[in-house]
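Here the structure is laid out as C-alpha cells; the discussion comes afterwards.
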Amino acid sequence: MSNPTLFKPIRIHNLALPNRIVVAPMCQYSAENGCMNEWHLIHLGQLAISGAALLTIEATSVLPEARITYGDVGLYDDESEAAMRRVLDGIRRWSNIAIAIQLNHAGRKASTEVPWAGGGQFAASHAHGWQVEAPSAIPFDDGYQTPAALDKGGLKRVREAFVGAAKRAARLGIDAVQLHAAHGYLLHQFLSPLSNQRTDAYGGSLENRMRFPLEVFDAVRATFPAIKPVTVRVSATDWVDGGLDIDQIIPFVQALEARGCNAVHVSSGGLHPAQKIPVGPSYQVPLARAVKSAIKIPVVAVGLITEPKQAEAIVATGDADMIALARTILYDPRWPWHAAAELGATVRAPKQYQRSQPAQFKHLFGVAGPVRPEPRWTIGE
C-alpha cells in the first residue's frame, strides 16, 4: 500500500503527531494511595516505544473519593504528583512520544474492588470503600451504594479538583489533557437522563444536563496551557432505551468544539447495567462517523479495532481521524510496527531495537527514536 493514511501526520491543536495511532487510557488498578509505582513505568514504558503517536495515561482521579478503586492512579496531591513525575522522567529519558492524561471522577461507580478480585462496590464503611457521590441519589445497580447527590458546594469542589489536577499535569509537562465524560463516570452521569434526575439548573433538559460537564471543560481549558490540547472522551450512547444517545451527544460535542475543545474520542456504554451492546469489530465506528459529520475537530475511534487494514479503512474513508487501541496493544505492544510493515509505511523505533527489523521490511524503521525529545509544537511556547 502506498502512503497509508494511518501513518500520515496529523495535528491536534498545536501538537504535531507522526501518525494516527493513539494508545488509549487503560486502568491498571495498581497504584498505592493514588501513587504510580514501578508497574506503571513498566506498563507505560513498553507502550512508549510501540511506534504509536500518542500515549494516554489511564483514568486519573482528581480526588481520593473520585477513584474507581483503591488501586486507581490519582493526581490530587504532592505525593501523587511526585510519583507520576518519577514515572514520566523514566519514560522521557528514552522516548519522545507525546503523552496525554485522562482526568476522571468515578461518581457513583467509585469505591469498588479491583476487577481481578471480583469487582463490585464496597460499602462506605469498608476499609477499601468510601461514600460515593453523583448527580442524583440513584445507585448504579442493585447492591450498590446510594450516592450522595452533589449540592452546589460539591459541584464547586469537583470543578476545582479537575482544575487542580490540570495544573499538576501542566507542571509535569504533559502534552494534552483528556476529560473522561464516558463509561458511566461522573461527567457522563450528568449527561444521561438515566442517572441525572435533578430538578435544578443541572438536570432535566439536555441543555441543563450538559451544564456541569461544560463548566468543568471551561475551567480546565482556562487552566491548562493554551498551546496544549484539551480533549474529551464521550460515550455516544448508553445502549439503553431512554438513555443518552447519538442525537443528544452531537449537541454536546458541538458545544465543546465552540468552547475550544481540540478533539473528541468516541466510545459508548458503561452507564447502566441493562445496556445491550452489539459488540463486534469496529462496532463503535458508526458513532465516531456520526460525531465527525457534526464537528470539524479531530475525532478518535475506538473499540475492537484489531487489524491494520481495518484501522486504515477507518481513517482512509473518513470515518474518524485517528484510531485508539487498548486491549489490542496490550496483547501486541508492537502493533504499530506490524501495521506499518503490512501497510508499507515507516515507523519510529528505538535505536536499541534497530537490528530487529526483518529483512523483507528494510525501510520499516525509517526514523530512529531519539533519546532526547524533539520539538513537537507547531508554534513557539
From Ile91, Ile12, Ile68, Ile97, grab the single residue that is at pLDDT 95 or above, surrounded by 23 or more Cβ atoms within 10 Å (Cβ to Cβ) and touching a Leu at 6+ places or on another chain (Cβ under 7 Å). Ile97
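Table: residues versus (1) hydroxyl-bearing (Ser, Thr, Tyr); (2) out of contact with any His (no Cβ under 7 Å at 6 or more places or on another chain); (3) buried (at least 23 other Cβ atoms within 10 Å of the Cβ).
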| site | (1), (2), (3) |
| --- | --- |
| Gly154 | no, yes, no |
| Phe162 | no, yes, yes |
| Leu194 | no, no, no |
| Tyr202 | yes, yes, no |
| Leu206 | no, yes, no |
| Met210 | no, yes, no |
Among (1) closer than 27 Å to Glu58 by Cβ; (2) exposed (fewer than 15 other Cβ atoms within 10 Å of the Cβ); (3) among the polar types (S, T, N, Q) - the single one Ser356 does not satisfy: (1)
The condition from (1) in contact with a Leu (Cβ under 8 Å, 6 or more places away or on another chain); (2) farther than 17 Å from Val177 by Cα; (3) without any contact (Cβ under 8 Å) to a residue 60 or more places away in the chain that Leu206 misses is numbered (1)
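Taking the options Glu381, Glu342, Glu374, name whichever one is modelled with pLDDT of 95 or more and over 18 Å from the mean Cα position of the chain (by Cα).
Numbers: Glu381 fails: modelled with pLDDT of 95 or more; Glu374 fails: modelled with pLDDT of 95 or more.
One residue alone meets the criteria, Glu342.
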Restrict the check to the stretch 102-112 and report whether at least one residue is assigned to a loop (DSSP other than H, G, I, E, B) and either more than 21 Å from the chain's Cα centre (by Cα) or surrounded by fewer than 17 Cβ atoms within 10 Å (Cβ to Cβ) (or both). no
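Is the stretch 223-244 home to any residue that is part of a loop (DSSP other than H, G, I, E, B), aliphatic (A, V, I, L, M), surrounded by fewer than 23 Cβ atoms within 10 Å (Cβ to Cβ) and touching a strand residue (DSSP E or B) at 6+ places or on another chain (Cβ under 9 Å)? Reasoning before the result, please.
Step one: filter the stretch 223-244 for residues part of a loop (DSSP other than H, G, I, E, B), giving 224-229, 236-244.
Narrowing further to those that are aliphatic (A, V, I, L, M): 226-227, 236, 240, 244.
Right, trim to surrounded by fewer than 23 Cβ atoms within 10 Å (Cβ to Cβ) and you get 226-227, 240.
Next, only the ones that are touching a strand residue (DSSP E or B) at 6+ places or on another chain (Cβ under 9 Å) stay: 227.
Among the residues of the stretch 223-244, at least one is part of a loop (DSSP other than H, G, I, E, B), aliphatic (A, V, I, L, M), surrounded by fewer than 23 Cβ atoms within 10 Å (Cβ to Cβ) and touching a strand residue (DSSP E or B) at 6+ places or on another chain (Cβ under 9 Å), which makes the answer yes.
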Could you check, for the stretch 148-155, whether at least one of its residues is farther than 24 Å from Glu79 by Cβ and in a loop (DSSP other than H, G, I, E, B)? yes
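The rows are residues; the columns are (1) among the charged types (D, E, K, R); (2) closer than 30 Å to Pro350 by Cβ; (3) touching a helix residue (DSSP H, G or I) at 6+ places or on another chain (Cβ under 7 Å).
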| residue | (1), (2), (3) |
| --- | --- |
| Ile91 | no, yes, yes |
| Ser95 | no, yes, yes |
| Ala106 | no, no, yes |
| Ala127 | no, no, no |
| Arg159 | yes, no, yes |
How many residues of the stretch 49-66 are without any contact (Cβ under 8 Å) to a residue 60 or more places away in the chain and closer than 12 Å to Gln28 by Cα? The answer is 1
When residues of the stretch 173-183 are filtered for being small (Gly, Ala, Ser) and crowded, with 24+ Cβ neighbours inside 10 Å, how many remain? 2
Say whether the condition of being within 24 Å of Arg67 (Cβ to Cβ), in contact with a His (Cβ under 9 Å, 6 or more places away or on another chain), in a helix (DSSP H, G or I) and in contact (Cβ under 8 Å) with a residue 24 or more places away in the chain is met by at least one residue in the stretch 174-182. no
When residues of the stretch 258-282 are filtered for being under 15 Å from Gln178 (Cα atoms) and surrounded by fewer than 16 Cβ atoms within 10 Å (Cβ to Cβ), how many remain? 2
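Go through Ile314, Ile297, Ile305 for me and flag whichever is of a type in the set (Val, Ile, Thr) and in contact with a Leu (Cβ under 8 Å, 6 or more places away or on another chain).
Details: Ile314 fails: in contact with a Leu (Cβ under 8 Å, 6 or more places away or on another chain); Ile297 fails: in contact with a Leu (Cβ under 8 Å, 6 or more places away or on another chain).
That would be Ile305, the only listed residue that is of a type in the set (Val, Ile, Thr) and in contact with a Leu (Cβ under 8 Å, 6 or more places away or on another chain).
Where in the stretch 2-101 are the strands (runs of 3 or more DSSP E), entirely inside, with at least 3 residues that are closer than 20 Å to Ile329 by Cα? Even if it seems obvious, please write down each step before you answer.
Values: elements: 10-12, 15-17, 21-23, 54-61.
Ranges flagged: 21-23, 54-61.
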If we scan the stretch 108-129, do we find a residue that is touching a Lys or Arg at 6+ places or on another chain (Cβ under 7 Å) and of a type outside the set (Ser, Thr, Tyr)? yes
Members of the stretch 310-339 found to be closer than 23 Å to Ser268 by Cα, over 16 Å from the mean Cα position of the chain (by Cα) and either surrounded by fewer than 19 Cβ atoms within 10 Å (Cβ to Cβ) or aromatic (Phe, Trp, Tyr) (or both), listed by number: Gln310, Ala313, Ala316, Thr317, Gly318, Tyr331
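The values are calculated or read from the model by the stated rules, or taken from the named source; none is laboratory data. This structure is a prediction, so every number in the text was calculated from the model and none was measured. FYI the Cβ positions are ideal-geometry reconstructions off the backbone, even for glycines, and counts take in every protein chain you see.
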